[in-house]
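Asks: Would you mind keeping the following structure in view while I ask a few things?
The values are calculated or read from the model by the stated rules, or taken from the named source; none is laboratory data. Computed from a predicted structure; not experimentally measured. For neighbour counting, all protein chains shown are included, and Cβ atoms are generated from backbone atoms with ideal geometry for every residue, glycine included. Side chains included, ligands, DNA and RNA excluded: accessible areas come from the protein's heavy atoms. Shrake-Rupley method; radii C 1.70, N 1.55, O 1.52, S 1.80 Å.
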Amino acid sequence: MTDTPQPPPTHDLVGIGFGPSNVALAIGLREQRERAAADPATPPLSGTFLERQTEFGWHRGMLLDDATMQVSFLKDLVTTRNPASDFGFLSYLHAVGRLHDFINHKTLFPLRAEFHDYLAWCADRVGDQVHYGAEAVGVEPVRDEAGRIAGLDVLARTSDGALQRRRGRNVVFAPGLTPRLPEGARLSERVWHNEYLLQRLERLDESADPGSFVVVGAGQSAAECVEHLYRRFPRARVHAVFSRYGYSPSDDSPFANRIFDPEAVDDFYCASAETKADIMGYHRNTNYSVVDPDLIDTLYQAAYQDKVKGAERLRIHNTSRVTDVHEGPGGVTATVEDLASGKHTAVEADYLVYATGYTAADPRDLLGEVAEHVVSDAQGRPAVERDYRLATSDEVTCGIYLQGGTEHTHGISSSLLSNVAVRVGEILDAISARTATSAATAARPAEAAVFGR
Ligand code: NAP
């Protein structure tokens, strides 16, 4: 007689990714369990998280010296959901002994490096819930006695090549953003995406003295790269190539900023497709292809001082695009087309950096056969319910929730920090409600049979 393999333990939720969004969710879970411990009528929720990286890290390649956050520290991982939480940015400052120094600083926008340290402090405190070095590579359905998909097994490849299985009644996807490249572009030793800028620069020989860089793009990342390279390599020429006439300022005026409020998610979610497109069109410049006005001034000052000195170290190729990149042993040659005149110029550089933005992952890529049950909208994008659950056929009774990749349904703040605290509260409320409902119906015994509870 052979032993039947034991099913893995079942969690109320399995989180894929452990960036800020799922760290916030892990904090929400912990606070939910604390409430449940004090209230016997509230069943505690269990959760486990999988993270590809071997430790917490959030856009480490862009933790540039002077870069600051672009959202208020009050939009940390908890405050707008639970101002009394001890996971807020102020609790962090108190814990590290910098609260008074920060108050004297009179800013709402900490350094990115400092906020990263805050995020890592939070991640560390809920670290018992995460498996680092475990990359989710697939999802398999777990069916109940009626044949419905009542749970999911997430398969994860660990650093030593082993395959692990985590079972959940719900899965929360928060895989983050993937660097976007122009069509046909290839990354190499000399051609980078800004996502890995600092790691790439660290790899350069200490004696390296690059003579020139090309930076493609005109968003915040591109402008920060240009400024960093210009300052860090005082002898280098930096070519900024973008299709706009000039860098455009980000709109962070108070009325426009309301687009990031939790209420804006309701407004956007209910709007027609046409109104959604209008809202995105009007307010894209709160977030995309725009630059902090102070940084624009800094870059302009640098360009002007160059002119005064007669040495054009910062070379702006506006209304331009890179049409070809040729890589040789000593550097790259970028063909830059001036879109106004049609003239092509060969720009020689040691390195080229694409700061061309990011795209959200499509959860269906990981879902395997379960993806067939996901409802799509007219444009083939996944349909998402207001509580961030993927809309599925009735055959799926478990929950698949998204943090990110919901801009088409929930609006511009769906992949941003701005709304993370409230969003995880909504997801946890939805999971609690589903758990309570399934506990109260006949489905529970069947599910128990499958899940071995
Ligand atoms: P982004 O705002 O999407 O800007 C991408 C830039 O690349 C745009 O100028 C875009 O030009 C250009 N681009 C896109 N595809 C291209 C192509 N195929 N060929 C040439 N150019 C192309 O991306 P981002 O600057 O990385 O910013 C992303 C987010 O990160 C934003 O929310 C930003 O605020 C945030 N961020 C924050 C900080 C900070 O907190 N300090 C730092 C960096 C980034 P078009 O406009 O013509 O499309």
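Asks: Karplus couplings for the stretch 380-387 from phi (6.51 cos²θ - 1.76 cosθ + 1.60, θ = phi - 60°), rounded to Hz, Gly and Pro as x?
Replies: x, 8, x, 7, 10, 6, 4, 8
Asks: Please report the spacing between the Cα centers of the stretch 319-362 and the stretch 29-92 in Å, no decimals.
Replies: Computed from Cα coordinates, the inter-centre distance equals 39 Å.
Asks: Of the listed peptides 169-182, 279-292, what is their order by residue-averaged count of other C-beta atoms within 10 Å, with the highest listed first?
Replies: 169-182, 279-292
Asks: Which whole-number percentage describes the relative contact order of the chain, with Cα contacts under 8 Å and a sequence gap of 6 or more?
Replies: Relative CO of the chain lands at 21 percent.
Asks: Taking the Cα atoms only, what angle lies between the long axis of helix 293-309 and the longest principal axis of the chain, rounded to 10 degrees?
Replies: The angle comes out at about 20 degrees.
Asks: I want the local charge near residue 349. Using Cβ-Cβ distances under 12 Å, sum +1 for each Lys or Arg and -1 for each Asp or Glu among the other residues.
Replies: 0
Asks: Quick one: dipole size for the stretch 216-361, taken about the Cα centre, charges +1 on Lys/Arg Cβ and -1 on Asp/Glu Cβ, in debye to the nearest 20.
Replies: Computed charge dipole of the stretch 216-361: roughly 760 debye.
Asks: For a quick check: with amide H placed at 1.01 Å from N, whose amide H comes under 5 Å from residue 391's, ignoring anything fewer than 5 positions away on the same chain?
Replies: Excluding prolines and chain starts, which carry no amide H, the hits are 375, 383, 384, 385.
Asks: Mind checking the angle between helix 20-38 and the chain's longest principal axis? C-alpha axes, 0 to 90 degrees, to the nearest 10.
Replies: Result, in degrees: 30.
Asks: Using θ = phi - 60° and the Karplus curve 6.51 cos²θ - 1.76 cosθ + 1.60, what whole-Hz ³J(HN,Hα) does each residue of the stretch 189-199 get, with Gly and Pro shown as x?
Replies: My calculation for the stretch 189-199 gives 4, 10, 10, 10, 9, 4, 3, 10, 4, 5, 4 Hz in order.
Asks: By the scheme Lys and Arg +1, Asp and Glu -1, what is the net charge of all other residues having a beta-carbon under 13 Å from that of residue 280?
Replies: -2
Asks: Nearest 10 degrees is fine. How inclined is helix 420-440 to the longest principal axis of the chain, computing both from alpha carbons?
Replies: The two axes meet at around 20 degrees.
Asks: Taking the Cβ of residue 410 as the centre, find all other residues whose Cβ is under 11 Å away and add up their charges (Lys, Arg: +1; Asp, Glu: -1).
Replies: -3
Asks: Sticking with this one: Where both partners of a DSSP beta bridge lie in the chain, what percent of those bridges are antiparallel, to the nearest 5?
Replies: If we restrict to bridges inside the chain, about 50 percent are antiparallel.
Asks: According to the Cα gyration tensor, what semi-axes, each the square root of 5 times an eigenvalue, does the equivalent ellipsoid of the chain have, listed from largest to smallest in whole Å?
Replies: Ellipsoid semi-axes (Å, largest first): 43, 24, 22.
Asks: Moving on. I need to check one value: relative contact order of the stretch 154-223, counting alpha carbon pairs closer than 8 Å and at least 6 residues apart, in percent.
Replies: Averaging sequence separation for qualifying contacts and normalising by length gives 16 percent for the stretch 154-223.
Asks: Take the solvent-accessible surface of the protein heavy atoms, probe 1.4 Å, and return the percent of it on the stretch 186-247 that carbon and sulfur atoms account for.
Replies: Carbon plus sulfur share of accessible area: 45 percent.
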